[in-house]
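Colleague: Sharing a structure with you now.
Derivation of every value follows stated rules applied to the coordinates shown; laboratory data play no part. Model, not experiment: these values are computed from the prediction. Reconstructed Cβ throughout: ideal geometry from the backbone, glycine too, with neighbour counts over all protein chains shown.
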Amino acid sequence: MVEEGKYVAIQYTGKFDDGQVFDSSTQEQPFEFKAGSGMVIPGLDNGIMGMKVEEEKDLVIPPEEAYGEYDEKLIYTFPIEEVRQQFEPQVGMTIGVQLDNGAQVPALIKEVSDSEIFLDMNHPLAGKTLHFNIKVVEVNDEPKFAAADGCSGCSGEGDGCSC
């Protein structure tokens, strides 16, 4: 049974309200994380607690238990000439932005004007209700599945790992 501190391996499919799939592990090795450790979004972490191996469950996770509400304050503007010294910005591009603490986060170019660009620093899934179909594959005391992409779990902070 899944309980805090155990390593749980799941197969999952994540969808939006309209049924569009945004992520899935069903064609890959199971996604493994340490239950209760904050490695995944809270709604998923809480939703798997108490599940047994081979049990399936549908979870509906509101934004506040996923990637948060969409925040207009996370849209920033930069002078276009400053950006053009490095590359030619295009609407829809995702670029890495270095924060003051040295961390890099992805940002979406939302708009390009004659004088500035508008960067959206919200997580791409912010403000969305997420629907997950989860199947618990294994529950272990130690990790069993090495992630092929080098990720040990998803922090939900734009780390490039899926969850």
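Colleague: Quick one: H131, H123, fewest Cβ neighbours within 10 Å first, how do they rank?
Modeller: H131, H123
Colleague: Considering the options L108, F87, T77, tell which one lies farthest towards the positive end of the dipole of region 72-120, charges being +1 on Lys and Arg and -1 on Asp and Glu at the Cβ, about the Cα centre.
Modeller: L108
Colleague: To continue, here is another question. For region 72-120, take the convex hull of the Cα atoms, compute a quarter of its surface area, and give me that in nm², please.
Modeller: Details: hull surface 13.8 nm².
Across all orientations, region 72-120 yields a mean hull projection of 3.5 nm².
Colleague: Same structure, new question: What Kirkwood Rh does region 1-61 have if only Cα atoms enter the pairwise 1/r average? Answer in Å.
Modeller: When all Cα pairs of region 1-61 are included, the Kirkwood radius is 12.2 Å.
Colleague: So for the chain, averaging the separation of alpha carbon pairs under 8 Å that are six or more residues apart and normalising by length, what relative contact order in percent results?
Modeller: On the way: 337 pairs, mean separation 56.0, N = 163.
Relative contact order, the chain: 34 percent.
Colleague: Springs between alpha-carbon pairs under 10 angstrom, Gaussian network model over the chain: which of V105, V60, V91 fluctuates most?
Modeller: Residue with maximal mean-square fluctuation among V105, V60, V91: V91.
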